[in-house]
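Undergrad: Have a look at this one.
The values are calculated or read from the model by the stated rules, or taken from the named source; none is laboratory data. Everything quoted here is computed from the prediction, not taken from an experiment. Here the Cβ positions follow ideal geometry from the backbone for every residue, glycine too, while neighbour counts run over all protein chains shown.
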């Protein structure tokens, strides 16, 4: 019999007083904090929803709730939202602001856990929303499952949070065998590490390349630029983004457009955004701006670019994962993805200057797209994750009582 249900006594704390109600579904709280992680979490939430032994609870947190994008609306289009957890404040993007937002998130997630009483809390990656949710759940005695643990992205401060989440987590669902091995070397028990692949791969095959009409509404771009800040001073972030724009313009000439998406809500964001805004104001036909693209539209554009000789440029993990899956070469700029497994579709600029970015562009354009491979699984990460959540007892003392095993 699987332990289910919470002690209904008001004095019980979250994680305490579980009763053994047979055949009741386990409540799986999936936390999404940004447009980026939600796209990856959709297959997991869908698989949890479809599993007869599980019940999904979707919580939209953090940057989903920030104006003007308010990407929680995209979440609502796919799934009912069980709760929302505000954390960041619009316009406040320093590291100190993030630290304050994390504390606010831990407190607010605790109330969400008490109200909805999940058996599992599922988080992905390394953002402060995932860290806050994992911290609250782990301290409250609720089992935490972590997707994309064991990865490396040494160019950003969030790198430390990914590994901290791994130490808070009780079930590890890494995306690649290398990340799985790294988790074991970190001291996590092999029995708790289940390599499921990246959910970014799931369902990509069902999305068609963008058609001419949809592409025309975006300026029919030849390249997608996606630059995120890495915690530097805003002026440094602005300079790095301006270099990327200048290099692309020199390579594609004046007859093709650049589609530039807004950066994440991370320290230095205003610098990236200022460079993009200035470029778009100077030549709106050459630099088309969008704050956000729904995942299906984003993937369909990547597929179109892959077929039409385009590129993705910047420092987003999408250039290393989704782009590689659809056969689209990428130019990676700067240290943000340092240490991450890099498919053969990615060419990293040797420096953050125009000449280096242009050289990387030419190498990427010359790649044989038919030879692109990736290490991120076979597109069944969602069902594999749901199966693990259903088969492993989240109330087991052996699971919840973590210990140092090295």
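Undergrad: Would you point out which residue out of 350, 354, 342 is free of Cβ contacts under 8 Å to residues at least 40 places away in the same chain, in contact with a helix residue (DSSP H, G or I) (Cβ under 7 Å, 6 or more places away or on another chain) and under 26 Å from residue 237 (Cα atoms)?
TA: Being free of Cβ contacts under 8 Å to residues at least 40 places away in the same chain, in contact with a helix residue (DSSP H, G or I) (Cβ under 7 Å, 6 or more places away or on another chain) and under 26 Å from residue 237 (Cα atoms) holds for just one of 350, 354, 342, which is 350.
Undergrad: Just name the residue that is farthest from residue 68 (Cα to Cα) out of those in the stretch 301-316 that are in a helix (DSSP H, G or I) and over 18 Å from the mean Cα position of the chain (by Cα).
TA: The residue in question is 307.
Undergrad: Going through 385, 319, 323 one at a time, which residue ends up being surrounded by 22 or more Cβ atoms within 10 Å (Cβ to Cβ), in the same structural domain as residue 158 (by TED's automatic domain parsing) and under 18 Å from the mean Cα position of the chain (by Cα)?
TA: None of the others qualify; the one that does is 385.
Undergrad: Related question: Identify the residue in the stretch 165-194 that is in contact (Cβ under 8 Å) with a residue 40 or more places away in the chain and within 30 Å of residue 302 (Cα to Cα) and, among all such residues, is surrounded by the most Cβ atoms within 10 Å (Cβ to Cβ).
TA: 173
Undergrad: Could I ask something else about it? Pick out, from the stretch 75-161, the strands (runs of 3 or more DSSP E) lying fully within it that include 2 or more residues that are surrounded by fewer than 16 Cβ atoms within 10 Å (Cβ to Cβ), modelled with pLDDT under 95 and in the same structural domain as residue 190 (by TED's automatic domain parsing).
TA: Those strands (runs of 3 or more DSSP E) do not exist here; none qualify.
Undergrad: Condition check: under 24 Å from residue 209 (Cβ atoms), assigned by TED's automatic domain parsing to the domain that holds residue 336, modelled with pLDDT of 95 or more and not in a strand (DSSP E or B). Does residue 271 satisfy that?
TA: No; evaluated as a whole, the condition is false for this residue.
Undergrad: Another question about this same structure. Taking only the stretch 230-260 into account, find how many residues are out of contact with any strand residue (DSSP E or B) (no Cβ under 8 Å at 6 or more places or on another chain), buried (at least 18 other Cβ atoms within 10 Å of the Cβ) and not in a helix (DSSP H, G or I).
TA: 2
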